[in-house]
Amino acid sequence: MRKFIHIDMDCFYAAVEMRDNPKYRNVPLAIGGSKDRRGVISTCNYQARKYGVRSAMPTSQALKLCPNLTLAPGRMEVYKEVSKQIRQIFTRYTNKVEPLSLDEAYLDVTDCELYSGSATLIAQDIRRAIFSETQLTASAGVAPCKFVAKIASDENKPNGICIITPEQLDDFVLGLPLGKIPGVGKVTLGKLNSIELYTCKDVRAYPFNDLITRFGKFGNTIWDRSHGRDFRSLEIERKRKSVGVERTLPEDIYSDEDCYKMVELLYPKLKERLQLVSPQLLIQSQGIKLKFNDFQQTTVEHKFHTLSKAYFFDLLRDGLSRTAGRGIRLVGLHVGLIGSEQNKQLTLPFSG
Ligand SMILES: [Mg+2]
């Protein structure tokens, strides 16, 4: 039996600001989000959430919901530093760690011998260590597979833990609303709901073939998850060959301009993610993925060793020439990383 822990820091950026700055402690607080029209909030504390403020919400909307909202600019360098500290804590328990972002990671503790191999006690000890060393709280999910661990870490937030044992797995999954399955965004959820599918239980009663017809390959994932199946193992950093970010759009887009805007939006996120995995930016290719509203997708990828937004725009232009009038439902950017073999070659000193 495999044992996974998903650790998720509680409103991470906001929590760091509240820790370091007393004036932020008892007010509704949001990080990021300049006040101009295009600003978007990156995270907020629980006081702000009471007013309905959420991550990725336009600042203007957040201020309407919560006029007293305090906006803090965000200190990415500090967050990265804390993130390193947390990752260092993880490695005391296992080297099988897959970071998903600065404040979130999967751990595979199947082979961890601490606490007689009790994943629950390991997770509690990790949360305790994080709090005593960073004064920040984390929530944990413990489960026999990745996606359930991730859903579980959200169950008792903040500063909570949720354990789903192999015996509880089936019952837990059965009642899950489909929107909780990682990868099921608003658009997919809308389509599932439109055919009366709301929970994993509903999916189990639905004909598999119809699911595939409607959702393509992702239909298979929905089917598996609805049965509590997730065979993925961790993507360990040293084995990672590419890094990407993608976004399913709330509505299909038809204009080139909107696509360029998406690239503009995703590019800093890709950069952030890449910096975690390959701080020296050792990349060997850049690529763009477009998924159309008929669920076909296209990828344009070229060899390129320097990370460049302008180059993504070039790739996008190629991609857009393939739309054939279809709307675009997802835009993704990715880069291929230089493998360890080539890595060595690059660092070989000149002889003679
Ligand atoms: Mg978090």
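None of the figures in this text is laboratory data; all of them are computed from the coordinates on show. Because the structure is predicted, anything quoted here is derived from the model rather than measured. Note that we place each Cβ from the backbone using ideal geometry, even for glycine, and neighbour counts take in every protein chain shown.
Could you check the simple spin-label distance between Q296 and R25, using points 7 Å along Cα→Cβ, in nm with one decimal?
Going by the 7 Å Cα→Cβ label model, 6.0 nm.
Could you let me know the centre-to-centre spacing of segment 184-219 and segment 48-98, using Cα atoms, in angstrom?
That distance is 32 Å.
May I ask you to list the trypsin sites (Lys or Arg not before Pro) in segment 87-177 that are in a DSSP loop and have at most 16 other Cβ atoms within 10 Å of their Cβ? List each step's numbers first, then the result.
Values: sites: R87, R92, K96, R127, R128, K146, K150; in loops: R92, K96.
Qualifying residues, ordered by number: R92.
Can you pick out the pairs among K84/K241; K96/K261; K217/K271; K180/K271; K201/K241 whose Cα atoms lie more than 30 Å from each other?
Details: K84/K241 21 Å; K96/K261 36 Å; K217/K271 28 Å; K180/K271 27 Å; K201/K241 36 Å.
K96/K261; K201/K241, as the Cα separations exceed 30 Å there.
List the aspartates and glutamates whose Cα sits under 16 Å from the Cα of K303, skipping any in the same chain fewer than 8 residues away.
D314, D318
In debye to the nearest 20, how big a dipole does the chain give about its Cα centre with +1 on each Lys and Arg Cβ and -1 on each Asp and Glu Cβ?
Working: 51 positive and 40 negative charges, 97 e Å.
Once rounded to the nearest 20, the dipole reads 460 debye.
Once you order the gyration tensor axes a ≥ b ≥ c over the Cα atoms, which shape class does segment 240-344 get: rounded for a/c under 1.5, otherwise prolate or oblate by comparing a/b with b/c?
Details: a/c = 2.23, a/b = 1.99, b/c = 1.12.
Prolate is the answer for segment 240-344, as a/c is 1.5 or above and a/b outweighs b/c.
What are the membrane-span-like helices in the chain by this rule: whole DSSP H runs, Cα extent along the axis at least 15 Å, mean Kyte-Doolittle hydropathy at least 0.0? The partial results should precede the final answer.
Details: long enough: 76-90 (21 Å, -0.42); 119-134 (22 Å, 0.24); 256-277 (31 Å, -0.44); 309-320 (16 Å, 0.14).
Both cut-offs are met by 119-134, 309-320.
Can you tell me the FRET efficiency between R2 and T120 if r is taken as the Cβ-Cβ distance and R0 is 22 Å, rounded to the nearest 0.05? Walk me through the numbers before you get to the answer.
On the way: r = 15 Å, r/R0 = 0.66.
After rounding, the FRET efficiency stands at 0.90.
Which of the three applies to segment 13-76, rounded, prolate or oblate, going by the alpha-carbon gyration tensor with a ≥ b ≥ c and a/c under 1.5 meaning rounded? Walk me through the numbers on the way to the answer.
On the way: a/c = 1.88, a/b = 1.32, b/c = 1.42.
Oblate is the answer for segment 13-76, as a/c is 1.5 or above yet b/c matches or exceeds a/b.
Which of the chymotrypsin sites (Phe, Trp or Tyr not before Pro) found in segment 127-178 are in a DSSP loop and have at most 16 neighbouring Cβ atoms, other than their own, within 10 Å?
none
Does segment 240-296 come out rounded, prolate or oblate, given a ≥ b ≥ c as the square roots of the eigenvalues of its C-alpha gyration tensor, rounded meaning a/c under 1.5 and, failing that, prolate meaning a/b above b/c? Spell out each step's value before the answer.
Values: a/c = 2.62, a/b = 1.99, b/c = 1.31.
Cα axes put segment 240-296 in the prolate bin.
Of the GluC sites (Glu not before Pro) in segment 193-280, which ones lie in a loop per DSSP and count no more than 11 other C-beta atoms within 10 Å?
Working: sites: E196, E235, E237, E246, E251, E257, E264, E272; in loops: E196, E235.
Here the GluC sites (Glu not before Pro) that fit, given the DSSP loop and packing criteria, are E196.
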